[in-house]
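Before any comments, here is the structure.
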Amino acid sequence: MTAFFLAPNVQVMTTLELSSGPLPTGLRIGGRVVTGRGPRLDVVNPATGGVLAVADSADPTDVEEAVRVAQATFDSGAWSRMPIHERSRILHRFADGIAARMTDLYRLETANNGRPLTETRAQITRLPEWYRYNASLLLADRDAVVPMPGPYHSYTSRLPLGVVTILASFNHPMMIASKSLAPALATGNSIVLKPSEQTPLTAMLLADIAHEAGIPDGVLNVLNGLGPVVGAALCEHPLVKKVVFTGGTEPGRSIAVAAARRFAKTTLELGGKSPVLIFDDTPVEVAARGAAFGGFIGAGQTCIAGSRLVVQRSIHDEFVASLAKIAESIRIGDPNDEATQLGPVISARARDRILGCVESGVAAGARVVTGGGAASVPGLSGGFFVQPTVLADVTNEMDVARSEIFGPVVVVIPFDDEDEAVAIANDSPFALGSAIWTRDVARAHRVASRIEAGMVWVNDHHRLDPSSPWGGLKESGTGREGGWESFHDFTYVRAVTVRTAPDDIDWYGGVATGRLN
């Protein structure tokens, strides 16, 4: 292994093979890498429990500077008024730059958040698609002509909002940031990106790539720092026109209130407890493999994890046994090992919280079929590993069936008929993702139309695309990422009405005629 290249302001505690040279890990404001005024923060490797790096963080003064620089850059028109064909070309170069640095990015993200290398690589090798797709939407978008009666030509145009804040989370740092960063850039906004303080390193590298691609200085600014300090200051800043946040429901609620005070837009992707409806016309082994993927991928640390398995009673026992067998076969280990299938959760605190949820579920009457404890990995005794866990004898009223555990824990709830399955699925404070496993095409469409969720997968899970809107309702948030829905939400609409009649207006010179509104 070669040395892990880091800037001088970072203390190296581990090694990682990178090819791209020095990795800046300070803040980036206006194209400059700067030292933050906040406390330096440990970046922990969750697979070892050791400190990967000590990185700079921002304070409210840094936030003020970054937002002011972003606004000044926006006002200059260097990006916001750049001809769209040129902006599109630069975004394609940005996508090319991400593709060229892909190995460094996925290895760095694996070291930073502990997700197995195979999962991380499979996910973020798709990142360039988001920038290319939104660069193409920029060229495909058209203004509308409004059919206003009388001698008028009326049309609409869309303009960028101004300064946008993106608050990304630790579980998918690059993907979650890019889902909103791509349309925000394409539509001409300036951005202040705050990665999770637990996983800031790839965002800092992304800012380098953006600079190299020709995105003007001041368009993409990156502030690492604590959520209650940096995140709160960004959400409350009067110049920030939109806040994008991925994370827990309660922080999302606070962000929505802060943004609403000044009528700023929000896109909030919050908690989830995705129901997975498994009907008895699906082969049990097929359904069990699909449910294991939906529930355990990413160590269950996804808002759309299929963590609530609603299984037809006629196959319930067989399904539970099959799922438990799969869970017990999952290879837990070093995330950098190509053979590893399940890595650690993000922190010791997260591990202890997950295990506490399991204990409370058992106290309420749930039965641990498999797992339920911390996992021991040879050579990684300090890592934050949790066994894939299956809980049975669960009712939908139990807290383990209603609260987001955010770890590799799934609960199994039986049902008798289709109506009961739908009722259980919809009886939740969350409504982000869901899945249906059935071989009956009519049932698939019928049940999908009754599920209260922003996304429904049939015979699959976790699938996304730049063209598909992503988001939830209820306490799972508001707004969408992906597709035209996201692209247009980084703009506002302006209506222009031109009077085309040859005569002058003289409303007060004679008898008033015509319409006002």
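Considering segment 186-226 alone, what residues qualify as being in contact (Cβ under 8 Å) with a residue 40 or more places away in the chain, part of a loop (DSSP other than H, G, I, E, B) and small (Gly, Ala, Ser)? Full working, then the answer.
The initial filter retains those residues of segment 186-226 that are in contact (Cβ under 8 Å) with a residue 40 or more places away in the chain, namely 186-192, 194, 197-202, 204-226.
Add one more test, that the residue is part of a loop (DSSP other than H, G, I, E, B), and what stays is 187-189, 197-200, 214-219, 223-226.
Of everything in segment 186-226, those that are in contact (Cβ under 8 Å) with a residue 40 or more places away in the chain, part of a loop (DSSP other than H, G, I, E, B) and small (Gly, Ala, Ser) turn out to be Gly188, Gly214, Gly218, Gly225.
When only residues in segment 366-420 that are of a type in the set (Asp, Glu) and either in contact with a strand residue (DSSP E or B) (Cβ under 8 Å, 6 or more places away or on another chain) or modelled with pLDDT under 95 (or both) count, which is nearest to Ser274 (Cα to Cα)?
The first filter runs over segment 366-420 and keeps only residues of a type in the set (Asp, Glu), leaving 393, 397, 399, 404, 416-420.
The next check asks that each one be either in contact with a strand residue (DSSP E or B) (Cβ under 8 Å, 6 or more places away or on another chain) or modelled with pLDDT under 95 (or both); those that pass are 393, 404, 416.
Values: Asp393: 18, Glu404: 9, Asp416: 19 Å.
Applying the filter and picking the extreme gives Glu404.
Please find, among Gly97, Gly77, Gly21, the residue that is farther than 18 Å from Gly225 by Cα and at pLDDT below 95. Write out each step before concluding.
Details: Gly97 fails: at pLDDT below 95; Gly77 fails: at pLDDT below 95.
Selected residue: Gly21, the only one of Gly97, Gly77, Gly21 that is farther than 18 Å from Gly225 by Cα and at pLDDT below 95.
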field: Enumeration of residues in segment 23-53 that are hydroxyl-bearing (Ser, Thr, Tyr) and crowded, with 20+ Cβ neighbours inside 10 Å
entry: Thr25, Thr48
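Can you give me the ranges of the helices (runs of 4 or more DSSP H) entirely in segment 40-143 with at least 1 residues that are within 25 Å of Asn336 (Cα to Cα) and not basic (Lys, Arg)? It would help to see each step written out before you state the result.
On the way: elements: 60-76, 84-100, 102-113, 117-124, 127-140.
Because the criterion is at least 1 residues that are within 25 Å of Asn336 (Cα to Cα) and not basic (Lys, Arg), the helices (runs of 4 or more DSSP H) in segment 40-143 that meet it are 84-100, 102-113, 117-124, 127-140.
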Among residues of segment 359-404, those that are surrounded by 16 or more Cβ atoms within 10 Å (Cβ to Cβ), closer than 20 Å to Phe319 by Cβ and of a type outside the set (Gly, Ala, Ser), counted: 13
message: When you scan segment 385-392, do you find a residue that is free of Cβ contacts under 8 Å to residues at least 40 places away in the same chain and either part of a loop (DSSP other than H, G, I, E, B) or among the hydroxyl-bearing types (Ser, Thr, Tyr) (or both), even just one?
response: no
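Would segment 265-280 turn up any residue that is of a type in the set (Asp, Glu), part of a helix (DSSP H, G or I), at pLDDT 95 or above and more than 25 Å from Ser196 (Cβ to Cβ)? Talk me through it step by step, then tell me what you get.
From segment 265-280, those of a type in the set (Asp, Glu) are 269, 280; that's our starting set.
After this cut, where a residue has to be part of a helix (DSSP H, G or I) as well, the list is none.
Scanning segment 265-280, I find no residue that is of a type in the set (Asp, Glu), part of a helix (DSSP H, G or I), at pLDDT 95 or above and more than 25 Å from Ser196 (Cβ to Cβ), so the answer is no.
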message: Show the residue pairs meeting these rules: Cβ distance below 7 Å; 6+ apart or different chains; first residue within segment 28-52 and in the same structural domain as Leu380 (by TED's automatic domain parsing); second residue assigned to a loop (DSSP other than H, G, I, E, B) and modelled with pLDDT under 95.
response: none
- request: Can you confirm whether segment 145-157 contains a residue that is of a type in the set (Gly, Ala, Ser), buried (at least 21 other Cβ atoms within 10 Å of the Cβ) and modelled with pLDDT of 95 or more?
  value: no
Residue list for segment 406-417, restricted to those being closer than 21 Å to Ala288 by Cβ and either surrounded by 17 or more Cβ atoms within 10 Å (Cβ to Cβ) or not assigned by TED's automatic domain parsing to the domain that holds Ala442 (or both): Gly407, Pro408, Val409, Val410, Val411, Val412, Ile413, Pro414, Phe415
statement: If we keep only residues of segment 360-383 that are within 29 Å of the chain's Cα centre (by Cα) and not in a loop (DSSP other than H, G, I, E, B), then the residue nearest to Ala321 (Cα to Cα) is Gly361
query: Quick one: Ser157 ticks every box in (1) part of a loop (DSSP other than H, G, I, E, B); (2) in contact with an Asp or Glu (Cβ under 6 Å, 6 or more places away or on another chain) bar one, so which box is it?
result: (1)
message: Checking the condition in a helix (DSSP H, G or I) and not assigned by TED's automatic domain parsing to the domain that holds Ser178, which residue from Gly290, Gly231 passes?
response: Gly290
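Looking only at segment 123-143, which residues are among the hydrophobic types (A, V, I, L, M, F, W, C) and at pLDDT below 95? Please lay out each step first, then the result.
Step one: filter segment 123-143 for residues among the hydrophobic types (A, V, I, L, M, F, W, C), giving 124, 127, 130, 135, 137-140.
Ile124 - this is the single residue of segment 123-143 that is among the hydrophobic types (A, V, I, L, M, F, W, C) and at pLDDT below 95.
Quickly run through segment 464-477 and pick out the residues that are more than 13 Å from the chain's Cα centre (by Cα) and either surrounded by fewer than 17 Cβ atoms within 10 Å (Cβ to Cβ) or of a type in the set (Lys, Arg) (or both).
Step one: of segment 464-477, the residues more than 13 Å from the chain's Cα centre (by Cα) are 467-468, 473-475.
Passing the criteria: Ser467, Ser468, Leu473, Lys474.
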- prompt: Within segment 242-252, can one find any residue that is of a type in the set (D, E, K, R) and within 21 Å of Met174 (Cα to Cα)?
  reply: yes
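Would you be able to tell me the number of residues in segment 242-264 that are among the basic types (Lys, Arg) and in a loop (DSSP other than H, G, I, E, B)?
Residues that pass the stated criteria total 2.
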message: Quick check on this structure: which one of Thr187, Thr165 is crowded, with 24+ Cβ neighbours inside 10 Å, of a type in the set (S, T, N, Q) and either under 22 Å from Pro60 (Cα atoms) or not assigned by TED's automatic domain parsing to the domain that holds Leu127 (or both)?
response: Thr165
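The values are calculated or read from the model by the stated rules, or taken from the named source; none is laboratory data. Note that the structure is a prediction, hence the values are computed from the model and not measured. Please note: Cβ atoms are built from the backbone with ideal geometry, for glycine as well, and neighbour counts cover all protein chains shown.
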